[in-house]
């Protein structure tokens, strides 16, 4: 009996080790990654709502990329307070703005010091989870990813909606530690000039500028 249980456990382990994301899901995600990037530059805006019990938080992201150039703005609203953070890489310097009550501080650092993967959307879910189920509904591919490869991952499942027409990602829903998070892409812009990534200091006449 013990031997039978051991063999059964081994078979289950082997099946789990060979669990794969369905090819049709991988195909959709590949098209999504291509749609959410562009050699001429792409910028998307996204609203995020997170709630846990009586506490709620809203965030608005504006994320732009063009090759190595990048720019990110995050506006956070929680408990009646609003905080804005801005950063980017303009091809020469990494810049960051810290907003204070009386004045702003702008720091320029030579070289690309921007954090990789700082974008709000994760487009590699098919590489991070072992299982996925997909259905086509109302013009969207609705995919549920589950069984994270990293067993310490708090996100045991992630739901996404991807446009069947142009393969842009529109909605992401997750739940972790009692909190429910919904991210909705509201706007996508393709084609950005290099000047879009350069900070216009004339917009911050009273800021303290630090160059490192």
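The values are calculated or read from the model by the stated rules, or taken from the named source; none is laboratory data. The model shown is predicted, which means the values in this text are computed figures rather than measured ones. Neighbour counts are summed over all protein chains in view; Cβ atoms, including those assigned to glycine, are modelled from backbone coordinates with ideal geometry.
Tabulated values for the structure
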{"read-out": "Any chance residue 157 is surrounded by 13 or more Cβ atoms within 10 Å (Cβ to Cβ) and farther than 27 Å from residue 85 by Cβ", "value": "yes"}
{"read-out": "Verdict on residue 122 being without any contact (Cβ under 8 Å) to a residue 60 or more places away in the chain, within 25 Å of residue 86 (Cβ to Cβ) and touching a helix residue (DSSP H, G or I) at 6+ places or on another chain (Cβ under 8 Å)", "value": "yes"}
{"read-out": "Extreme residue, surrounded by the fewest Cβ atoms within 10 Å (Cβ to Cβ), among residues of segment 40-52 that are over 12 Å from residue 63 (Cβ atoms) and modelled with pLDDT of 95 or more", "value": "40"}
{"read-out": "Some residue of segment 190-198 being over 27 Å from residue 41 (Cβ atoms) and either surrounded by fewer than 17 Cβ atoms within 10 Å (Cβ to Cβ) or modelled with pLDDT under 95 (or both)", "value": "no"}
{"read-out": "Options 105, 73, 109; residue that is without any contact (Cβ under 8 Å) to a residue 40 or more places away in the chain, surrounded by 13 or more Cβ atoms within 10 Å (Cβ to Cβ), out of contact with any helix residue (DSSP H, G or I) (no Cβ under 8 Å at 6 or more places or on another chain) and more than 30 Å from residue 24 (Cβ to Cβ)", "value": "73"}
{"read-out": "Residues of segment 165-212 satisfying the condition of being without any contact (Cβ under 8 Å) to a residue 40 or more places away in the chain and under 20 Å from the mean Cα position of the chain (by Cα)", "value": "170, 171, 173, 174, 175, 176"}
{"read-out": "Exclusive hit being in contact with a strand residue (DSSP E or B) (Cβ under 8 Å, 6 or more places away or on another chain), on the phi < 0 side of the Ramachandran plot and at pLDDT below 95, set 68, 115", "value": "68"}
